Structure formats: structure tokens, C-alpha cells
1. Do the conditions hold for Ala42, that is, is it under 18 Å from the mean Cα position of the chain (by Cα) and modelled with pLDDT under 90?
2. Do any strands (runs of 3 or more DSSP E) entirely within region 147-192 hold 1 or more residues that are of a type in the set (Lys, Arg), and if so, which?
3. Out of the residues in region 151-184 that are in contact with a Lys or Arg (Cβ under 7 Å, 6 or more places away or on another chain) and crowded, with 20+ Cβ neighbours inside 10 Å, which is farthest from His24 (Cα to Cα)?
4. Which one is farthest from Gly80 (Cα to Cα) among residues in region 12-57 that are of a type in the set (S, T, N, Q) and assigned to a loop (DSSP other than H, G, I, E, B)?
5. Within region 118-136, is even one residue in contact with a Phe, Trp or Tyr (Cβ under 8 Å, 6 or more places away or on another chain), in a strand (DSSP E or B) and surrounded by 18 or more Cβ atoms within 10 Å (Cβ to Cβ)?
6. Report the residue count in region 137-146 for those that are part of a helix (DSSP H, G or I) and either within 15 Å of the chain's Cα centre (by Cα) or without any contact (Cβ under 8 Å) to a residue 60 or more places away in the chain (or both).
7. Has region 90-100 got any residue that is over 20 Å from Asp177 (Cα atoms) and of a type in the set (Phe, Trp, Tyr)?
Amino acid sequence: MRSDNLHALPDDLPVPPDDGACDHLPGVRLPPIALQATSGDAVDLSGVGMPWVVVYCYPRTGKPDQEPLGGTQAWNAIPGARGCTPQSCAYRDHHAELHALGATVYGLSTQDTEYQREAVGRLHLPFPLLSDARLAFAGALRLPTFAVAGQELIRRLTLIARDGRIEKVFYPVYPADSDAEYVMAWLSAQGG
């Protein structure tokens, strides 16, 4: 049984270092890979956006009644692992502003679609989550990952693309709940 709050970030989380694992991404085209969305659609990120597509990649959302992979203490000790629920809620809370800036928002993790649907409903997310359970998208872009409890998860990062090409990468994303604000500031500076 979980004893911590999924919506709050502890003050003593380790700061993830910028290890350069995303330096190769600006200017790269998004791969034409169909990803299952919680909306029931298959989404090819290389062909969406209005004109911007924002894809925030996160390790995995938790559930209120379950311990995170490896237990709370171990999960909190992994730099950048904790914060998926606050990050998703920040995108939810700023969704109208991001839409007004011309952005289509997606969250992406390696969790399966059924697991993600529970999160969409519980958190009232107004945008779909995408499942990269086979790491096809992550592998094609060489996104940084980490392993915990026998599962390979994507490190927290955010891609902003236009016309199928990555224009901006936020990595590492810290704190997780500030990600949507960083994205809005960057999009505002681009003039829409």
C-alpha cells in the first residue's frame, strides 16, 4: 500500500544530470511509427501537429493503491523518476493555453494502453497518452532509458516538433511539474 502522495513531489529528490543523451535530437525527423493512444486511435507523431506537437515522455504513472517499481524509497532515489502524475496534471492544467499556442499535446510512456487509460480517467487528462510498450519510438530516436525491476523505462524528456521535425528538446526535465510552463514559455517565444 502506498503511503506517499502521487500529486506532491518530495523536497529531497535527486536532480537528474544533463548527461547529453538528447543532444542528437534537435533537427531529427520523428519516426513514422503508429503508437496506440488512449483515445483508441493509432497516432503517427511524424504527421500531427497544429503547427506544433508536444510529446512529454515520462517513466510511468503510479496508482494510488500501489507501490512504485522497486518501492517508494528506491523509486525516489532514481534521478528524474518521480513526478509523472504532477507532470501530467500540469499539462492538463495548461492544456487550453498550449492549444492556444498551436500545440497538440501527447504524453508517452512504455506502459500499456489499458494502464494509461486508467490514468487518463483518474487524472481527467484532456489529451491522449501514447503507449511505446515495445520501445519502437524510443529506439528509433535513441531516447535515454533506464531499467528498474526488470522493466526498461523512458527517461523524462519533452520533444517539441513542427512539420515532423524536432525543434526543441527539454532534458532533463526537473522539476517534473514545471515542464508545461517551460514548454509554454518556449512556444510563446516562437511567436506561435
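The values are calculated or read from the model by the stated rules, or taken from the named source; none is laboratory data. Because the structure is a prediction, the values reported are computed rather than measured. Neighbour counts run over all protein chains shown; Cβ positions are idealised from the backbone, glycine included.
1. no
2. 157-162, 165-170
3. Ala176
4. Residues of region 12-57 of a type in the set (S, T, N, Q): 36, 38-39, 46.
The next check asks that each one be assigned to a loop (DSSP other than H, G, I, E, B); those that pass are 38-39.
Working: Thr38: 24, Ser39: 27 Å.
If we take residues in region 12-57 being of a type in the set (S, T, N, Q) and assigned to a loop (DSSP other than H, G, I, E, B), then Ser39 is farthest from Gly80 (Cα to Cα).
5. Looking only at region 118-136, we keep the residues that are in contact with a Phe, Trp or Tyr (Cβ under 8 Å, 6 or more places away or on another chain), and these are 125, 127-130.
From what's left, in a strand (DSSP E or B): 129-130.
Restricting the remaining residues to those that are surrounded by 18 or more Cβ atoms within 10 Å (Cβ to Cβ) gives 129-130.
Within region 118-136, one or more residues are in contact with a Phe, Trp or Tyr (Cβ under 8 Å, 6 or more places away or on another chain), in a strand (DSSP E or B) and surrounded by 18 or more Cβ atoms within 10 Å (Cβ to Cβ).
6. Of the residues in region 137-146, 4 are part of a helix (DSSP H, G or I) and either within 15 Å of the chain's Cα centre (by Cα) or without any contact (Cβ under 8 Å) to a residue 60 or more places away in the chain (or both).
7. Checking region 90-100: not a single residue is over 20 Å from Asp177 (Cα atoms) and of a type in the set (Phe, Trp, Tyr).
Table: residues versus (1) surrounded by 15 or more Cβ atoms within 10 Å (Cβ to Cβ); (2) under 19 Å from the mean Cα position of the chain (by Cα); (3) at pLDDT 90 or above; (4) farther than 19 Å from Ile33 by Cβ.
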residue	(1), (2), (3), (4)
Ser46	yes, yes, yes, no
Gly49	yes, yes, no, no
Val54	yes, yes, yes, no
Thr61	yes, yes, yes, yes
Gln66	no, no, no, yes
Thr72	yes, no, no, yes
Gly80	yes, yes, yes, yes
Gly83	yes, yes, yes, yes
